[in-house]
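One structure is given here, and the rest of the page talks about it.
The values are calculated or read from the model by the stated rules, or taken from the named source; none is laboratory data. The structure presented is a predicted model; accordingly, all values stated were derived computationally and were not measured. Cβ coordinates were reconstructed from backbone atoms using ideal geometry, including for glycine residues, and neighbour counts include every protein chain displayed.
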Amino acid sequence: MPPQGSFYTLSKKKVFVTGDIGCYTLAFLPPLNAIDTCLCMGAGIGHAIGMDKVLSGADPENSGGGVAVIGDSTFFHSGITGLMDAAYNKSGATIIILDNRTTAMTGAQENPGTGKTLMGDNTSMVDIPALVSAIGIKRVREIDPYDLDETMAVITEELESKETSVIITKEPCVLLPGAIKKEWEVYNIDADKCTGCKLCLNLGCPAIGWEPDKDNVRSSKGSGKKGRAEIEQAICVGCGICVDLCKFDAIVKAADN
């Protein structure tokens, strides 16, 4: 899913992440382990405001360390008032709006940000960056969630800010028609280059698995049976996040392998 790069980044930054209800709530599970709380729709932003107030009250240098994540449909449903409160009360929290252009968790229904009614008719479409700015948020960033370097750079920068900031990831759910880009190609593992470091497994991508060596040889680091990563090509959509992650250039286009 598009938010995977964002959650991988948050897990690496080791920040406290207040979650919300949506398909992205699964990021609390291993290997991402990137969400710490989840209560009800819209509560994540309120939690982040409270965490920031507590931390900054104890130590002003801690302001801005908390992160809230919320999907686009949940944001429209009950997140706007929380964000307004963050701006009004000068919170230092960072809010990440995961705009995947649909209400994915309940079957890919339309929402006020898609420009379509539930009956499929054209209608007005909420401009999330404009809405966020109108609420009073001055730091508004839009990123490509499939660009891991950009995602890491922007999240790092906004975490260092002492004022409310909003990061918007805008890519459609891969289950939507036309969401898989024409230039994307399915990937494979180059067995000769894969060192078995397992770094790519930390993305939590359902297409990436692990194939132990048949002889069950132990790895030199004692981390378990040595083997290599493998990609299930029937599931891979070709987004390429794993390519940016692999330090050994072991993930290649299937057509070239």
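Before moving on, here are some points about what is shown:
Residue-by-condition table, conditions (1) basic (K, R); (2) more than 21 Å from T9 (Cβ to Cβ); (3) touching a strand residue (DSSP E or B) at 6+ places or on another chain (Cβ under 9 Å); (4) at pLDDT 90 or above:
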{"position": "K182", "(1), (2), (3), (4)": "yes, yes, no, yes"}
{"position": "K193", "(1), (2), (3), (4)": "yes, yes, yes, yes"}
{"position": "C205", "(1), (2), (3), (4)": "no, no, yes, yes"}
{"position": "W210", "(1), (2), (3), (4)": "no, yes, yes, yes"}
{"position": "K225", "(1), (2), (3), (4)": "yes, yes, yes, no"}
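- Listed conditions (1) within 16 Å of P172 (Cα to Cα); (2) in contact with a strand residue (DSSP E or B) (Cβ under 9 Å, 6 or more places away or on another chain) are all met by E150, apart from (1).
- Residue ID - farthest from the chain's Cα centre (by Cα), chosen from residues in region 113-137 that are under 18 Å from E163 (Cβ atoms) and part of a loop (DSSP other than H, G, I, E, B): G136
- Hey, C236 crowded, with 17+ Cβ neighbours inside 10 Å, outside the structural domain of D147 (by TED's automatic domain parsing), modelled with pLDDT of 95 or more and not in a loop (DSSP other than H, G, I, E, B) or not: no
- Condition check for T18: free of Cβ contacts under 8 Å to residues at least 60 places away in the same chain, hydroxyl-bearing (S, T, Y), buried (at least 16 other Cβ atoms within 10 Å of the Cβ) and over 18 Å from L159 (Cα atoms): no
- Within region 75-93, residues that are within 21 Å of L55 (Cβ to Cβ) and in the same structural domain as S165 (by TED's automatic domain parsing) sit with their Cβ atoms under 8 Å from residues that are part of a loop (DSSP other than H, G, I, E, B) and among the aliphatic types (A, V, I, L, M), at 6+ positions apart or across chains, in these pairs: L83/I137; A86/A93; A86/I137; A87/I137.
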